[in-house]
1. How far is it, in nm, from the label point at residue 62 to the one at residue 33 when both lie 7 Å from their Cα along the line to the Cβ?
2. Which of the lysines could be linked to residue 104 by a straight reach, that is with a Cα gap under 29 Å, when you skip same-chain ones fewer than 8 residues away?
3. Dipole of the range 34-85, Cα-centred, from +1 at each Lys and Arg C-beta and -1 at each Asp and Glu C-beta, to the nearest 20 debye?
4. So what are the ³J(HN,Hα) numbers for the range 74-87, from phi and the Karplus equation (6.51, -1.76, 1.60; θ = phi - 60°), rounded to whole Hz, Gly and Pro as x?
5. Counting Lys and Arg as +1 and Asp and Glu as -1, each charge on the Cβ, what is the dipole of the range 39-152 about the Cα centre in debye, to the nearest 20?
Amino acid sequence: MKNLSRVLLVACTVAAPMLYSATAAAQFAKPEDAIDYRQSALTIMGTHFGRIGAIVKGERPFDAATVQADAALVASMSKLPWAAFGPGTQGGKARPEVWSDNAKFVQASQRLDGDVAKLQTAAQSGDIAQIRTAFGAVGASCKNCHDSFRAR
């Protein structure tokens with residue numbers, strides 16, 4: 001019985017990445033599907049980032065729990081759109097440079113990941129000054145990417 005369990009564990013460990021890759025590839029059967037997916041993820045991320053912005057700017061009262069929840073959603077959503085920028089998914093508001101200068105695009109997405117992680121840490125601290133600083137860094141990352149890779 002132990003040997004069977006080990007065999008099944010190894011089989012699942014080997015098969016899972018292959019199934020995931022097949023699922024990810026099938027997820028975007030048409031370029032429009034990828035475009036819709038990435039735009040949706042970025043829209044949701046932007047909405048929750050904007051909620052933090054309203055607090056940072058003093059337009060809404062500071063509520064640490066709200067900032068923490070919004071920062072967690074921004075962090076989750078910020079991981080999603082990148083898979084939808086694969087080969088053959090050109091279009092939408094993305095400039096051709098996303099694909100022609102992909103190394104720079106990947107670097108910009110990694111910068112965002114780091115800045116969003118700092119925002120989430122700042123949100124957990126409950127310190128509005130730290131949140132404000134981290135918010136500014138994320139905003140700068142977004143602007144950098146939009147200036148370089150988003151069509152107006």
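1. About 4.6 nm separates the two model spin labels.
2. 30, 79, 93, 118, 143
3. 80 debye
4. Result, ordered by residue: 4, 4, 5, 5, 5, 8, 7, x, 5, 5, 8, 10, x, x Hz.
5. Charge dipole of the range 39-152: 260 debye, to the nearest 20.
Read-outs: derived from the displayed coordinates by stated rules, not from any lab. Note that the coordinates shown come from a computational prediction; the quantities given were computed from them, not determined experimentally. Note that we place each Cβ from the backbone using ideal geometry, even for glycine, and neighbour counts take in every protein chain shown.
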